[in-house]
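Take a look at this one; I'll ask things after.
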Amino acid sequence: MRSTLDHNQPLSDTSAFRVAVMGQQGDATTRDQTKLQDFGIAPSLKFGIGTPTEITLTGLLQHNRDMPDYGVPALNGAPVNVNPKTAYGFTDDRTISDIGALGALVEHRLTPTSSIRNQTQYNNVTTDARETAPHAVGILSTTGAFLPFATGSIAAPAAATSTLPLSQLWVEQQSHDRVIHDTSLFNLTEFNTKFETGSVKHNFLAGVELGHDTYDNQAYYRNGSCNGSALNPAGGTSGYVACTPLLDPPQTSSPANAPSVAGNDATASANTVAAYFNDTLELGPHFKLVGGLRQDRYSANIGNAIPSATAAASLSQVVDFTSVRAGGIWQPTEAQSYYLSYSTSFDPSLEQLVSTTGSAEPLPPARNKAYEAGGKWDLNGGNLSLSAAAFQITQDNARSQNPDGTYTATGTVRVNGARAGVAGRVTNKLQIFGGYTRLNATIVNGIAAGTNGMVPANTPKDSASLWATYAVTPQWEVGAGATYSSSRFANNTDLVQVGSYMRWDGMIAYHQPKYDIRLNVYNLFDTSYYDALIPSDGGRSVPGLGRSAMVSVAYRF
């Protein structure tokens, strides 16, 4: 059950107050162990509406208590064939998040063609997580001890294989417990102006961004046993809690003989300083050029209270990077336009403010280049739009997640692709929204063992969606649509694969001037599919939503 309230209240001719409230409770999906209980409030206050200076103050307080879902393990190169509702956590698993945010936006109009704005945002997030994941599949020895199937090396984990009946297999469960406190403070100042140089019209903006992040991650682990046999070596902190049958894991709380113990405390801080500009040049009624430049300086420091082979005592990283953006737009008529674009960006390895490698030095920043060409066509008097594009994205120094949670540089990932879309009204009663994407993704020059020439994890070759609604009468509306994805791999070594799927959804709505009533039915044919793929632990897959329905009522005061 989910309820929302959105109220707007004018305070004067130039000021207004708005508050949005949300609360929800129940099952997040049709799987076991996915209950949630969330609520939040987001007020905002705006002054100077319609005057040269407008000030907007915003806030957010939100509390989430959710149950994590680490999916099902892999066996014989695919997700293990169990009931889609099967979950391998404990009933007292939870992820509690408390979020507080404050924002201030000041916009000042200097002239009819120039303005300046300053935006400040502060976020404070605390996460208290007690989470359990299926770590390995195996069998029990004659003494009842858990014996995992071979998992290969950290760089190239092997897929678990077995010809035994599933009823004879067991799953080792691993704790992923932590308390994280994350704060960030960012300020952005941006100047925008329009001017002309001869016959060329300019829309120019420039800005400066300053940011500071802090991070503290206190890890905990629960070391337990399987049928009385210890799962962890003496003095170890692996956090293997228990073992459970693969086919029918009981819904129980975490074992009392596996108490939560404090482990490593990872701390970090980072600073961002960036300056940028962008100019759109209108060369005539049909041609535009776009160019921009951004200079970033990112510096981060991390520390670990308990250093290990995968957690350095301290690491620091300073990255200076210049991003560029360039493109051209041709609009021969108001109903059609074509464009070319080129852009670069970067992704520092310490951006998550944690150690991403067990080496003495942080991994180099990932560097991205993107080329794209496309067009858009408006039909039916502008009520219906068609779009298409072809692109190539290359990432150097790409990273791949290892089973132990660290990362290894995998070399270069290249994606060649194309997409097409449709959106708008076909008739006064029929609306359609859809898209198709084709991706040819490959890891080239792979550094990590077993990744060279492979398809990156969670990258389907084909994906598509289509949604249509039809107004039977002014009051009654029906809708239906499908989502498709071709097969995907759960890790960069392509050892675990999930199949393709097509999911159908439907909708019936009743509209009145003061209220709307809507019935949505998801996964009409109860198709089995996998929503999320997780590379760790040899490749885990989270089953998607089964057949379910939701009734919603919207009332306008």
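The values are calculated or read from the model by the stated rules, or taken from the named source; none is laboratory data. As the structure is a prediction and not an experimental result, all values here were calculated from the model. Glycine gets a Cβ as well: all are built from the backbone with ideal geometry, and neighbour counts include every protein chain shown. Areas reflect the complete protein model, heavy atoms only, side chains present, ligands, DNA and RNA absent. Shrake-Rupley method; radii C 1.70, N 1.55, O 1.52, S 1.80 Å.
Checking the conditions here, which among Gly59, Gly40 is small (Gly, Ala, Ser), part of a strand (DSSP E or B) and either within 15 Å of Leu545 (Cα to Cα) or out of contact with any Ser or Thr (no Cβ under 9 Å at 6 or more places or on another chain) (or both)?
Exactly one residue qualifies, and that residue is Gly40.
Then there's this: Looking at (1) part of a loop (DSSP other than H, G, I, E, B); (2) modelled with pLDDT under 90, find the lone condition where Leu315 falls short.
Going through (1) part of a loop (DSSP other than H, G, I, E, B); (2) modelled with pLDDT under 90 one by one, Leu315 breaks only (1).
Also, quick follow-up: Could you list, in sequence order, all residues of segment 60-71 that are buried (at least 16 other Cβ atoms within 10 Å of the Cβ), at pLDDT 95 or above and not charged (D, E, K, R)?
Across segment 60-71, the qualifying residues are Leu60, Gln62, Asn64.
Exactly one of (1) open to solvent by 40 Å² or more (accessible area, probe 1.4 Å); (2) under 27 Å from the mean Cα position of the chain (by Cα); (3) modelled with pLDDT under 95 is unmet by Thr410. Its number?
Only one criterion in (1) open to solvent by 40 Å² or more (accessible area, probe 1.4 Å); (2) under 27 Å from the mean Cα position of the chain (by Cα); (3) modelled with pLDDT under 95 is unmet by Thr410, namely (1).
Looking at (1) in a loop (DSSP other than H, G, I, E, B); (2) open to solvent by less than 80 Å² (accessible area, probe 1.4 Å); (3) among the small types (Gly, Ala, Ser), which is the only condition Ser528 fails?
Looking at each condition in turn, Ser528 falls short on (2).
For every residue, the table says whether it meets (1) open to solvent by less than 50 Å² (accessible area, probe 1.4 Å); (2) in contact with a strand residue (DSSP E or B) (Cβ under 9 Å, 6 or more places away or on another chain); (3) touching a residue at least 60 places away in the same chain (Cβ under 8 Å); (4) within 19 Å of Leu5 (Cα to Cα).
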residue: Ala16; (1), (2), (3), (4): yes, yes, no, yes
residue: Ala20; (1), (2), (3), (4): yes, yes, no, yes
residue: Gly26; (1), (2), (3), (4): yes, yes, no, yes
residue: Thr34; (1), (2), (3), (4): yes, yes, no, no
residue: Gln37; (1), (2), (3), (4): no, yes, no, yes
residue: Gly40; (1), (2), (3), (4): yes, yes, no, yes
residue: Pro43; (1), (2), (3), (4): yes, yes, no, yes
residue: Phe47; (1), (2), (3), (4): no, yes, no, no
residue: Thr53; (1), (2), (3), (4): no, yes, no, no
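Looking at segment 76-84, can you tell me whether even one residue there is open to solvent by 40 Å² or more (accessible area, probe 1.4 Å) and modelled with pLDDT of 95 or more?
No, the conditions are met nowhere in segment 76-84.
Let me ask something else about it. Would you confirm whether or not segment 109-118 contains a residue that is in contact (Cβ under 8 Å) with a residue 60 or more places away in the chain, open to solvent by 40 Å² or more (accessible area, probe 1.4 Å), over 30 Å from Gly26 (Cα atoms) and in contact with a Lys or Arg (Cβ under 8 Å, 6 or more places away or on another chain)?
Yes: segment 109-118 contains one or more residues that are in contact (Cβ under 8 Å) with a residue 60 or more places away in the chain, open to solvent by 40 Å² or more (accessible area, probe 1.4 Å), over 30 Å from Gly26 (Cα atoms) and in contact with a Lys or Arg (Cβ under 8 Å, 6 or more places away or on another chain).
What is the number of the single condition among (1) touching a Phe, Trp or Tyr at 6+ places or on another chain (Cβ under 7 Å); (2) closer than 25 Å to Val324 by Cα that Lys194 does not meet?
(1)
Another question about this same structure. Taking Ser253, is it of a type in the set (Ser, Thr, Tyr), touching a residue at least 12 places away in the same chain (Cβ under 8 Å) and open to solvent by 60 Å² or more (accessible area, probe 1.4 Å)?
Yes; evaluated as a whole, the condition is true for this residue.
Which pairs do you get when a residue that is in contact (Cβ under 8 Å) with a residue 24 or more places away in the chain and basic (Lys, Arg), found in segment 503-520, comes within reach of a residue that is surrounded by 15 or more Cβ atoms within 10 Å (Cβ to Cβ) and assigned to a strand (DSSP E or B), reach meaning Cβ atoms under 6 angstrom, with the pair 6+ apart or on two chains?
Arg503/Thr483; Arg518/Ala509
While we're here: Could you please tell me which pairs satisfy a Cβ distance under 7 Å, a separation of 6+ or placement on different chains, a first residue in segment 478-501 that is in contact (Cβ under 8 Å) with a residue 60 or more places away in the chain, and a second residue that is surrounded by 16 or more Cβ atoms within 10 Å (Cβ to Cβ) and of a type in the set (S, T, N, Q)?
Close Cβ pairs (under 7 Å, with a partner that is surrounded by 16 or more Cβ atoms within 10 Å (Cβ to Cβ) and of a type in the set (S, T, N, Q)) amount to Ala490/Ser541; Asn492/Ser400; Asn492/Thr410; Asn492/Thr451; Thr493/Thr451; Val498/Ser541.
Okay, next question. Scan segment 221-236 residue by residue and report those that are open to solvent by 60 Å² or more (accessible area, probe 1.4 Å), without any contact (Cβ under 8 Å) to a residue 60 or more places away in the chain and either of a type outside the set (A, V, I, L, M) or touching a helix residue (DSSP H, G or I) at 6+ places or on another chain (Cβ under 7 Å) (or both).
Of everything in segment 221-236, those that are open to solvent by 60 Å² or more (accessible area, probe 1.4 Å), without any contact (Cβ under 8 Å) to a residue 60 or more places away in the chain and either of a type outside the set (A, V, I, L, M) or touching a helix residue (DSSP H, G or I) at 6+ places or on another chain (Cβ under 7 Å) (or both) turn out to be Pro233, Gly235.
Within segment 204-251, work out how many residues are closer than 30 Å to Gln119 by Cβ and not polar (S, T, N, Q).
The total comes to 12.
State which residue is nearest to Ala145 (Cα to Cα) when the search covers only segment 221-241 and only residues that are part of a loop (DSSP other than H, G, I, E, B) and hydroxyl-bearing (Ser, Thr, Tyr).
Here the answer is Ser238.
While we're on this one: When you scan segment 134-153, how many residues do you find that are open to solvent by 60 Å² or more (accessible area, probe 1.4 Å), modelled with pLDDT under 90 and farther than 21 Å from Gln497 by Cβ?
Number satisfying all stated conditions: 2.
For segment 84-112, which positions are of a type in the set (S, T, N, Q) and under 22 Å from Ser254 (Cβ atoms)?
Across segment 84-112, the qualifying residues are Thr86, Thr91, Thr95, Ser97.
When you look at Phe321, is it out of contact with any His (no Cβ under 7 Å at 6 or more places or on another chain) and open to solvent by 60 Å² or more (accessible area, probe 1.4 Å), yes or no?
When the stated conditions are applied, Phe321 does not pass them.
Residues are listed down the side, and each one gets a yes or a no for (1) over 16 Å from Ser486 (Cβ atoms); (2) among the hydrophobic types (A, V, I, L, M, F, W, C):
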site	(1), (2)
Ile432	yes, yes
Thr442	no, no
Gly450	yes, no
Pro460	no, no
